[in-house]
Amino acid sequence: MRTSTSPRPSKLDDAFVLSQLASVPDPFPSAYSVNKLTTGSRRPGHWNLALAWWLVGLGLVLGAVLGLWSFGGPLDPPAGLERHDGLPRRLLRLAHIALVALPALNLLYVPWLGRTGWSDRWRHAGAGLLLFGTLALPACLAAAAFWRPALVLTPAPVSSLIAAVFILASGLLVSPRRLP
Ligand code: HEM
């Protein structure tokens, strides 16, 4: 029998405990929470998560293509890519690395975004900026390996990536309050 000194936890208490648990950052989200994040294309970060592993795969494919001539064969390097320290080859190498690392950053970013104090409007903005940088930076680097003027485009994705990260960082400072 319950006594008056030990009240049964109410639904409100459960909600409080759940909200406390939700505010603990989890860098390795469970399959359940990833599925929840990826259902519905309107959720902030949906496309970041949906595309991430495809882009990592593309980065590995680019590495495999570079491997065809990078270590003395089986193929001769295409014109302009002969020198390991030449700018075109460095740019392609950077595109390969960025195409693996940036999508991995997206996988980390989206679960953290849910813990910020930002509204969905700002979460969409952060995720969108990150996705734009993730797609555009490797594309610009790879394009610049063959057509140097494309390098002038790189400040756009670079600024976009930096802005996305600072949106996340500032939203975490004020968590769990809602910001505009
Ligand atoms: C299928 C898997 C991969 C393949 C076939 C591959 C292939 C290559 C090749 C051929 C190069 C040399 C390019 C050149 O000399 O111009 C290279 C460089 C590099 N890769 Fe990958 N890669 C793979 C996965 C990765 C992963 C997962 C990472 C980590 C993000 C990575 C990071 C790097 C880095 C940092 C360099 C530059 C190394 C240097 O300049 O000394 N690669 N990769």
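The values are calculated or read from the model by the stated rules, or taken from the named source; none is laboratory data. Predicted model, so just to flag it, every value in this text is computed and none were measured. All Cβ positions, even for glycine, are placed from backbone atoms using ideal geometry, and neighbour counts span all protein chains on display.
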Single residue of L135, L129 found to be modelled with pLDDT of 95 or more and either under 19 Å from L62 (Cβ atoms) or out of contact with any helix residue (DSSP H, G or I) (no Cβ under 7 Å at 6 or more places or on another chain) (or both): L135
Return yes when P157 is crowded, with 21+ Cβ neighbours inside 10 Å and outside any loop (DSSP other than H, G, I, E, B) and no when it is not. yes
Counting only residues in region 61-85 that are within 8 Å of the ligand (Cβ to nearest atom) and not hydrophobic (A, V, I, L, M, F, W, C), the one surrounded by the fewest Cβ atoms within 10 Å (Cβ to Cβ) is identified as H84
So how many residues does region 86-118 have that are of a type in the set (F, W, Y) and either near the ligand (Cβ under 10 Å from one of its atoms) or modelled with pLDDT of 95 or more (or both)? 1
